[in-house]
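In what follows, a structure is listed as structure tokens, so that the remarks can point back to it.
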Amino acid sequence: MSREAHVQFCEGLAGKYRRSTLLTVCFQSAKEAEEFSKALKERLGKYGLKIAEDKSKTIEFGRYAWQRAKQQGAKLRTFDFLGFTHYSDETRNGKFKLGRKTSKKKYIQKAKAMNEWMKKVRNLRPLKEWWEVIKVKLTGHYRYYGISGNMRAMREFYTETSKLAYKWINRRSQKRSYTYTQYCLFKEHNPLPVPKIYHLTYTLSRFKGSITEEPCVENLQARFCEGR
């Protein structure tokens, strides 16, 4: 969206979304998705708003699409939303589940940002000070990306951060500060926080039995309004 818009949700709350707004909508049929897309464009057009066509797409996704793709030996498309790549995954019992992992784009951005920060701070503050900041940064990363199924990506980020720290510790002067063995000993006495899952999205103990239909399939979830 190129201008400000009001969005009112079914719970009765209203909010203003400035600049671009990300939106993911799910339907059980392709026809419903096409009708919604057409109606949304017409509705936004009345207020001088438009959808970024190059960043919008309609894909087949979900357990039914996954079952068909599995029978045909095909692979479903993925989509990125809020820093995560959403993909079709399989449980230990061979059933469909929604998989999430850190998107490649966000992973690269976070790694580059960590690298640039270490490069700038390495000679401005003592090692002990910016080492503590690294711990805080890693913990913040885990708290956001620590979602069920994303442990591998978080471990990769932990390993990359550790490698970057070793690199910039040894570039504070022309003389090498630590050998790799010495660096490992330093980490043993000053351990970095390890990846941890903070959001258990696969824990559905409140649902008993099997879920036979998408939740709220016939209920209105959100609607656009002209004001508060």
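The values are calculated or read from the model by the stated rules, or taken from the named source; none is laboratory data. What you see is a predicted model, and the numbers here were worked out from it, not measured in a lab. Don't worry about glycine lacking a Cβ; one is built from the backbone with ideal geometry, like all the others, and counts go over all protein chains shown.
Scanning region 31-41 for residues that are modelled with pLDDT under 85, exposed (fewer than 11 other Cβ atoms within 10 Å of the Cβ) and under 30 Å from Thr91 (Cα atoms) turns up at least one hit.
Among the conditions (1) surrounded by 15 or more Cβ atoms within 10 Å (Cβ to Cβ); (2) of a type in the set (Val, Ile, Thr); (3) more than 27 Å from Lys101 (Cα to Cα), the only one that Thr181 does not satisfy is (1).
Being exposed (fewer than 12 other Cβ atoms within 10 Å of the Cβ) and in contact with a strand residue (DSSP E or B) (Cβ under 7 Å, 6 or more places away or on another chain) holds for only one residue in Thr102, Thr91, Thr85, Thr78, and it is Thr91.
Here is a yes/no grid of residues against (1) at pLDDT 90 or above; (2) over 30 Å from Phe186 (Cβ atoms):
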residue: Thr78; (1), (2): no, yes
residue: Phe84; (1), (2): yes, yes
residue: Thr102; (1), (2): yes, no
residue: Lys119; (1), (2): yes, no
residue: Asn123; (1), (2): no, no
residue: Lys128; (1), (2): yes, no
residue: Trp131; (1), (2): yes, no
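Being crowded, with 19+ Cβ neighbours inside 10 Å, touching a residue at least 40 places away in the same chain (Cβ under 8 Å) and more than 30 Å from Cys26 (Cβ to Cβ) is a description that applies to Ala165.
Results for (1) free of Cβ contacts under 8 Å to residues at least 60 places away in the same chain; (2) outside any strand (DSSP E or B); (3) aromatic (Phe, Trp, Tyr); (4) closer than 25 Å to Leu82 by Cβ, shown as yes or no for each residue.
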position: Met114; (1), (2), (3), (4): yes, yes, no, yes
position: Lys120; (1), (2), (3), (4): yes, yes, no, no
position: Tyr144; (1), (2), (3), (4): no, yes, yes, yes
position: Tyr158; (1), (2), (3), (4): yes, yes, yes, yes
position: Tyr178; (1), (2), (3), (4): yes, yes, yes, no
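Of all residues in region 73-112, those being hydroxyl-bearing (Ser, Thr, Tyr) and either touching a Cys at 6+ places or on another chain (Cβ under 9 Å) or over 18 Å from His199 (Cα atoms) (or both) number 3. Considering region 99-112, the residues that are in contact with a Phe, Trp or Tyr (Cβ under 9 Å, 6 or more places away or on another chain) and free of Cβ contacts under 8 Å to residues at least 40 places away in the same chain include one that is nearest to Glu60 (Cα to Cα), namely Ser103. For region 46-69, filtering for residues that are surrounded by 12 or more Cβ atoms within 10 Å (Cβ to Cβ) and over 26 Å from Asn93 (Cα atoms) leaves 5.
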